[in-house]
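Asks: Quick one: this structure, given as structure tokens, is what I'll be asking you about.
Taken together, the values in this text are just the output of simple stated rules run on the coordinates, not laboratory data. Remember, predicted model here, so these are calculated numbers, not experimental data. Neighbour counts are summed over all protein chains in view; Cβ atoms, including those assigned to glycine, are modelled from backbone coordinates with ideal geometry.
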Amino acid sequence: MTITVQIPTALRRHTAGIDRITCTAANLTEMLSTLDHKFPDLKPHLRDEAGQLRRFLNVYVNEEDIRFLGGYSYVFQEGDEVLLVPSIAGGK
Amino acid sequence: MTFTTNYELRCRDCGKGWGNQPKSICEDCFSPLEVSYDYDALRAAFSRDKIAQGPPSMWRYSALLPLPPDYNPVLPAGFTPLLRASRLGNQWGASHLFLKNDAVCVPTLSFKDRVVAVALAQARAFGFDTVACSSTGNLANSVAAQAARNGFKSWIFIPGDLEPAKIIGTQVFGAKLVRIAGSYDQVNRLCSQIADERHWGFVNVNLRPYYAEGSKTVGFEIAEQLGWRLPDNVVVPMAGGSLITKIKKAFTELIELNLVEPKPVKFFGAQATGCSPISAAVKCGNSEIDPQKPSTIARSLAIGNPADGHYAIQAIGKSGGWAEDVSDPEIVDSIQLLAQTEGIFTETAGGVTVGCARKLYRQDRILPEETTVLCITGNGLKTTDVLFGKYAEENAIPPKLAEFNRYMEAGEDSLAQTRGEVAETVEV
């Protein structure tokens with residue numbers, strides 16, 4: 001499926017300033033692999049040491065949190081708009 | 001901007017320092033930034049005597065807040081009463097129960113006045129002329145009021161279903177209010193995107209690390225008002241989960257600065273069952289949040305994807321505390337119970353705290369003789385809608401003594417009945 005991924009400002013220094021890309025991906029895992037491939041500098045900022053999506057990075061599909069859609073098992077639909085949004089915490 | 005301070009932003013996870021700027025996430029690892037202090041430098045500046053000489057407001061703790069040098073506060077926020085709750089305690093068999101009453105915090109009757117005061121101090125220093133927030137209501141009121149007082153323009157983003165009192169209580173200050181057709185979590189996500197594009201001081205987005213530090217003053221005050229000692233337990237309502245972590249940070253700092261004797265404090269979190277992602281995680285032993293779609297009358301706590309949830313779970317777990325949640329009817333009962341026993345009218349969030357505390361005493365997680373503080377964070381006048389229909393409508397009587405005596409005779413029966421009803425619902 002062809003989807004659009006929006007890159008937040010905080011990550012654009014790792015994407016040479018690119019703020020959105022269109023790519024083909026069936027699910028979240030494939031989308032992350034595509035981003036890894038296109039922007040190698042971005043990878044450590046998206047994934048932790050274990051390769052998992054970082055805890056404070058939220059993924060939305062057409063304004064809905066992907067965890068409500070099934071998370072990694074969600075199958076992208078043609079034209080899905082994906083947002084990467086940092087979760088703003090401040091506690092300790 | 002450069003200024004000499006005893007604090008700077010630091011990444012919680014990778015430890016990288018970011019100086020002082022309107023930024024809330026580490027661009028290297030995406031983790032939250034937090035204000036860290038040079039405690040060695042502060043030890044001389046922060047003593048019980050110096051605090052006692054300070055003003056009767058949260059500004060008596062200025063040395064432990066991230067404020068611009070020579071900051072001159074324009075509002076006496078904080079330093080709310082810590083009240084012994086003997087009558088409420090009697091209901092539960094608790095002998096050392098206290099209420100931290102932020103229902104009377106100024107200027108807008110919730111603990112949010114503390115965090116906004118710190119955020120706006122930094123907003124000025126960073127050169128913003130417009131401040132903004134996403135809010136479940138109390139923050140909206142406080143940003144709007146303090147923006148007016150400080151001469152900022154303000155933009156406030158709220159979920160569409162907020163209580164009327166909280167909407168009017170924002171608009172009256174001249175704030176630009178934007179209602180969003182969606183939940184708080186959706187409002188919050190939108191605000192992250194807006195903050196990315198506009199040069200505004202979003203108190204809970206790009207100013208969040210500074211803002212969150214204001215919550216520490218609740219902890220400082222509890223310790224000082226207990227005679228410079230720490231309680232055994234605190235019960236704290238949780239929405240985003242920040243307050244409970246910041247009260248913990250406050251106690252840790254007081255120990256670090258030798259202002260109180262070290263002592264373990266148990267942290268108990270309170271949520272509404274209709275929005276309980278943090279208490280659900282604590283009860284299941286999970287370290288991560290499973291987000292929820294909120295459905296509760298406690299709208300000020302209706303955050304289904306709490307940003308600080310992970311840290312709140314850690315703070316509770318490491319302290320040996322627990323988390324509980326209560327249903328909407330229990331929230332209303334608890335609002336009435338607190339009002340009838342202690343004369344404090346709290347909003348739904350306070351009902352959540354009181355209701356959860358009642359459960360925690362019943363479960364023996366809190367013991368009767370332990371010093372326990374309940375954090376009452378908001379005022380009931382903002383959520384009167386939840387009490388609609390709870391009391392009989394009174395018909396006006398003629399202004400004659402005989403009429404009043406007749407009214408008394410007729411009313412005694414029904415009055416007794418009403419009392420019996422209330423006692424039954426709140427009995428423990």
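Asks: Of B:Lys100/B:Lys248; B:Lys112/B:Lys166; B:Lys153/B:Lys176; B:Lys100/B:Lys266; B:Lys23/B:Lys216; B:Lys23/B:Lys249, which pairs sit farther than 18 Å apart, going by alpha carbon to alpha carbon?
Replies: On the way: B:Lys100/B:Lys248 15 Å; B:Lys112/B:Lys166 13 Å; B:Lys153/B:Lys176 8 Å; B:Lys100/B:Lys266 16 Å; B:Lys23/B:Lys216 20 Å; B:Lys23/B:Lys249 20 Å.
Over 18 Å Cα-Cα: B:Lys23/B:Lys216; B:Lys23/B:Lys249.
Asks: Given a cut-off of under 8 Å on Cα pairs at least six residues apart, what relative contact order in percent is computed for chain B?
Replies: 16 percent
Asks: How big is the convex hull of the Cα atoms of the range B:311-384, per residue, in Å³? Each step should come with its number before you reach the end.
Replies: Values: hull volume 7.7 nm³, N = 74.
Residue-normalised Cα hull volume stands at 104 Å³.
Asks: Give a residue-ordered list of calculated ³J(HN,Hα) values for the range B:309-316 (Karplus: 6.51 cos²θ - 1.76 cosθ + 1.60, θ = phi - 60°; whole Hz; x for Gly, Pro).
Replies: Calculated HN-Hα couplings, in order: x, 4, 6, 5, 4, 4, 4, 5 Hz.
Asks: Determine the sum of side-chain charges near B:Ile376: Lys and Arg each +1, Asp and Glu each -1, restricted to other residues whose C-beta is under 10 angstrom from that of B:Ile376.
Replies: Net local charge, B:Ile376 excluded: -2.
Asks: Using the Cα gyration tensor of the range B:112-212, with a ≥ b ≥ c the square roots of its eigenvalues, what is the shape: rounded (a/c below 1.5), prolate (a/b larger than b/c) or oblate (neither)? If you can, show how the numbers build up before the last one.
Replies: Values: a/c = 1.69, a/b = 1.23, b/c = 1.37.
Oblate.
Asks: Something else now. Percent relative contact order of the range B:165-276, based on C-alpha pairs within less than 8 angstrom and at least six residues apart? Don't skip to the end; give the middle numbers.
Replies: Numbers: 89 pairs, mean separation 25.2, N = 112.
RCO, the range B:165-276: 22 percent.
Asks: Lys and Arg at +1, Asp and Glu at -1: add these up for the other residues within a Cβ distance under 15 Å of B:Asn6 and post the number. Kindly include the intermediate steps, with their values, before the conclusion.
Replies: Working: positive: B:Arg10, B:Arg43, B:Lys50, B:Lys216; negative: B:Glu8, B:Glu34, B:Asp38, B:Asp40, B:Asp70, B:Glu213, B:Glu253, B:Glu256.
Taking every other residue near B:Asn6 into account, the sum is -4.
Asks: Further question on the same structure: Just flag the trypsin sites (Lys or Arg not before Pro) in the range B:185-251 sitting in loop per DSSP whose Cβ has no more than 16 other Cβ atoms within 10 Å. The partial results should precede the final answer.
Replies: Values: sites: B:Arg189, B:Arg198, B:Lys216, B:Arg229, B:Lys246, B:Lys248, B:Lys249; in loops: B:Arg198, B:Arg229.
Passing both the DSSP loop test and the Cβ count: B:Arg198, B:Arg229.
Asks: From the gyration tensor of the Cα coordinates in the range B:55-108, what semi-axes in whole Å does the equivalent ellipsoid have, largest first, with each one equal to sqrt(5λ)?
Replies: Details: eigenvalues 206, 26, 10 Å².
Taking √(5λ) for each eigenvalue gives 32, 11, 7 Å, largest first.
Asks: Can you compute the equivalent ellipsoid semi-axes for the protein assembly as shown, i.e. the square root of 5 times each eigenvalue of the Cα gyration tensor, sorted largest first and rounded to whole Å?
Replies: 40, 28, 23
Asks: Give me, ordered by chain and number, the residues 5 or more places off A:Asn58 or on other chains with an amide H under 5 Å from its own placed amide H.
Replies: A:Val85, A:Ser87
Asks: Follow-up question, since we're still on this one. By how many degrees, 0 to 90 and rounded to 10, does the Cα axis of helix B:112-125 deviate from the longest principal axis of chain B?
Replies: Rounded to the nearest ten degrees, it is 30.
Asks: Consider just the alpha-carbon atoms of the range A:2-86 and return their Rg together with their Dmax, both in angstrom.
Replies: 11.7, 32
Asks: Normalise the Debye intensity by I(0) for chain B, one equal point scatterer per Cα, no solvent, then take log10 at q = 0.12 Å⁻¹ and round to two decimals.
Replies: -0.96
Asks: Right, here's the next one. Using only DSSP helix segments of four residues or longer, with each worth -39500 (n - 2.57), what per-residue ellipticity at 222 nm results for the protein assembly as shown after dividing by its residue count and rounding to 500?
Replies: Only helices count here, giving -11000 deg cm²/dmol.
Asks: Given C-alpha coordinates of the range B:13-141, what is the ratio Rg to Rh with the Kirkwood estimate of Rh? Don't skip to the answer; put the middle values down first.
Replies: Values: Rg = 18.1 Å, Rh = 17.5 Å.
Taking Rh as the inverse mean 1/r over Cα pairs, Rg/Rh reads 1.03.
Asks: Where does the range B:197-329 land on Rg(C-alpha)/(2.2 N^0.38 Å)?
Replies: 1.09
Asks: Counting only other chains, and only Cβ atoms inside 10 Å, what mean value do you get across the residues of B:22-34? Mind showing how you got there, number by number?
Replies: Working: counts 0, 1, 6, 10, 4, 8, 4, 6, 15, 8, 9, 3, 4.
The per-residue average across the peptide is 6.
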